[in-house]
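Notes for the one structure printed next.
The values are calculated or read from the model by the stated rules, or taken from the named source; none is laboratory data. Because the structure is a prediction, the values reported are computed rather than measured. So basically every Cβ, Gly included, is an ideal-geometry build from the backbone, and we count neighbours across all protein chains shown. Accessible surface is based on the protein model in full, side chains and every heavy atom, while ligands, DNA and RNA are left aside. Shrake-Rupley method; radii C 1.70, N 1.55, O 1.52, S 1.80 Å.
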Amino acid sequence: MINLSIAEAHKGLKEKKFSATELAKAYLKRIKETDGNLHSYVTVTEDVALKQAAEADKKGKFENPLAGIPMNLKDVVCTAGIKTTACSKILENFVPPYNAHVYDRLREAGAVLLGKSNTDEFTMGSSSENSYFGATKNPWDFTCVAGGSSGGPAASVAADQACFSIGTDTGGSIRQPASLCSCVGLKVTYGRVPREGVIPYASSFDTIGPLTKTVEDAALVLQAIAGKSERDATTPNVPVPDYTKFLKNDLKGMKIGVPKEFFEQGVEKETADAVMGGIEVMKKLGAIVEEVSLPLTKYAIPVYYLLVKSEASTNLARYDGIKYGHTAGGAKDLEEIYIKSRQEGFGPEVKRAIMLGTYCLSAGYFDAFYLKAAKVRALIKKEYEEAFKKVDVLVTPTSPFPAFKIGEKTEDPLAMYMADILTVPINLAGVCGMSVPAGFSPAGLPIGMQLIADQFKEENLFHAGHAFQQATEWHKKKPSF
Ligand code: GLN
């Protein structure tokens, strides 16, 4: 039963083929058997899972599609009474006093918490190697990375250690690991899902979304977590449509744009070929395909990293060794507590963010770096507005290459940053995107296809992605271990 999608498990629960407790137990067993190798989880909440599953069984109706469905949360989503570490030493023993709003919404729907999943420290990274607790492995090849920063969420879903997961995407952290591990990863429009109670990286970029086994499941999870929140002023009052209405089997009349720049940025041939194959499938389903141009794509990486590291440097100021988490011993005065705690508590990528961000924001450099980058961001946004006047969905590869070897890029931060070249423009533009499985490399590693739609048009992603999955089998392939 652990290989079932949400929709299938929901049917099983409703028809009393199995109970929520049996389902939770099956997943907990799978985690025990496999997580020594994979390391998707940093905390397993067995007691919580069994209690929540028993509640779902007691209610017995399973009206909501998420009722009794086992999931995990990336370890930046605050959970009252359960450790939430951002996979950083500085928050190693932090237990939040409240739930993130997204977790409250999932609980209202009846979802069951299996545990907290691994991430790059403070979600900064593209491989999950920056986790203080050690990297998550790729379920298709243990010598390769799972991608990042939501490596734990992606690997756990691909390896049937959870029915779905919740991750965060600031510059690609849901889509890129979904592509590398072979699952569906949805990055929503900025503001579609409340961020309250989720430890921030860069507040004007951060989004929260599901990693699932199918596109249909992504629609079911978004239905439960989307919409205006009194607890988050950045969630606008845009109505949430019934997403299941858009899960159609054909693409008749849908206009698809293929931005040529997304096939030039160091994209490997096998990846480009797989995505082109996907586009052919969509054509056969009735889509009208045209080439489009997004010439500012080449500036996306420097613009993105200047802006997110600036925002991160201010967000990280709260970790002073006193309010939360790790406090260094042996300090002589207050200033030394700050300095030593931060020195000991943060890893190298987070320190890099603080250095680069503080530099960009400092008097004398602000105009040349931060302000300039903010202006280019506005131009990139415009470019997408123009593109979406012509087409409904853009189709590109998600990552320029399949999973790379553990350790291959850790010494070269710039090479690591290039892994996000095809995902960061979408966050700069504030629109939505989704990675769906679209093939395998000759070495047997998954390749993802990215669908991109305009702000608050997630339904277009579901329409295109679901029809694609009805016509293909890529999402049904499983790693064999
Ligand atoms: N790798 C990118 C970064 O480090 C994206 C991370 C993310 O989306 N959280 O900024």
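How much of residue 120 can a 1.4 Å solvent probe reach, expressed as accessible area in Å² and rounded to 10?
0 Å²
In the chain, if the dipole is taken from +1 on Lys/Arg beta carbons and -1 on Asp/Glu beta carbons about the Cα centre, which of 38, 56, 28 is farthest to the positive end?
With unit charges placed on the Cβ atoms, the residue in question is 56.
Measure off 7 Å from each Cα along the Cα-to-Cβ vector at residue 252 and residue 299, then give the distance between these two points in nanometres to one decimal.
Between residue 252 and residue 299, the simple spin-label model gives 4.3 nm.
Consider just the alpha-carbon atoms of the chain and return their Rg together with their Dmax, both in angstrom.
Taking only Cα atoms of the chain, I get Rg and Dmax of 21.0, 71 Å.
Show 149, 293 ordered by accessible area, largest first, where the area counts protein heavy atoms only and the probe is 1.4 Å.
Working: 149 0, 293 55 Å².
Ranked from most to least accessible, the order is 293, 149.
Given segment 144-303, what percent of its DSSP beta bridges are antiparallel, to the nearest 5? Intermediate values should be presented prior to the final figure.
Numbers: 8 of 13 bridges.
Of the beta bridges lying entirely in segment 144-303, close to 60 percent run antiparallel.
Take 319, 98, 324 and sort them by solvent-accessible surface of the protein heavy atoms, 1.4 Å probe, largest at the top.
Values: 319 10, 98 105, 324 70 Å².
From most exposed to least exposed: 98, 324, 319.
Does segment 82-131 classify as rounded, prolate or oblate by the C-alpha gyration tensor (a ≥ b ≥ c root eigenvalues; a/c under 1.5 gives rounded; else a/b over b/c gives prolate, otherwise oblate)?
Numbers: a/c = 2.60, a/b = 1.68, b/c = 1.55.
Prolate, since a/c reaches 1.5 and a/b exceeds b/c.
How many Å³ per residue does the convex hull of the Cα positions in segment 123-163 occupy?
Details: hull volume 2.4 nm³, N = 41.
Taking only Cα atoms, segment 123-163 has a hull volume of 59 Å³ per residue.
State which entries of 58/477; 14/187; 14/51; 252/382; 187/477 exceed 26 angstrom in Cα-Cα distance in the structure shown. Please list the in-between numbers first.
Values: 58/477 35 Å; 14/187 30 Å; 14/51 19 Å; 252/382 28 Å; 187/477 23 Å.
Table pairs above 26 Å Cα-Cα are 58/477; 14/187; 252/382.
Counting other Cβ atoms within 10 Å of each Cβ, which trypsin sites (Lys or Arg not before Pro) in segment 286-320 have at most 13 and sit in a DSSP loop? Spell out each step's value before the answer.
Details: sites: 298, 309, 318; in loops: none.
Answer by residue number: there is no such site.
Hey, got the dipole for segment 1-96? About the Cα centre, +1 on K and R Cβ, -1 on D and E Cβ, debye to the nearest 20? All intermediate terms of the calculation are to be shown ahead of the outcome.
Details: 15 positive and 12 negative charges, 44 e Å.
The calculation lands at about 220 debye.
Run lengths n ≥ 4 of DSSP H only: what is the helix-derived mean residue ellipticity at 222 nm for the chain, with -39500 (n - 2.57) per run over all residues, to the nearest 500?
Values: 15 runs with 179 residues, N = 481.
About -11500 deg cm²/dmol.
Run through the DSSP bridge list for the chain and note the antiparallel percent, rounded to the nearest 5. Could you put the intermediate results ahead of the total?
Working: 31 of 46 bridges.
Once the DSSP bridges in the chain are tallied, antiparallel ones form about 65 percent.
Taking the Cα centre of segment 345-451 as the origin and placing charges on Cβ (Lys, Arg +1; Asp, Glu -1), which of 348, 395, 370 is farthest toward the positive end of the dipole?
Positive-most Cα among the choices belongs to 370.
Could you point to the residue in 282, 303, 322 farthest towards the positive end of segment 269-352's charge dipole, with +1 and -1 charges on the Cβ of Lys/Arg and Asp/Glu respectively?
The residue sitting farthest along the positive end of the dipole is 322.
How large is the dipole of the chain about the Cα centre if only Lys and Arg carry +1 and Asp and Glu carry -1, each at its Cβ, rounded to the nearest 20 debye?
Numbers: 56 positive and 56 negative charges, 148 e Å.
For this selection, approximately 720 debye.
Run the simple label-point estimate for residue 378 and residue 283 please: 7 Å along Cα→C-beta, distance reported in nm.
Here the modelled spin labels are 4.0 nm apart.
Given a 1.4 Å probe and every protein chain left where it sits, what share in percent of the accessible area of segment 209-296 is carbon and sulfur?
53 percent
With the Cα gyration tensor of segment 276-332 in hand, give its eigenvalues times 5 under a square root as the equivalent ellipsoid semi-axes, listed largest first in whole angstrom. Please list the in-between numbers first.
On the way: eigenvalues 481, 55, 14 Å².
In descending order the semi-axes read 49, 17, 8 Å.
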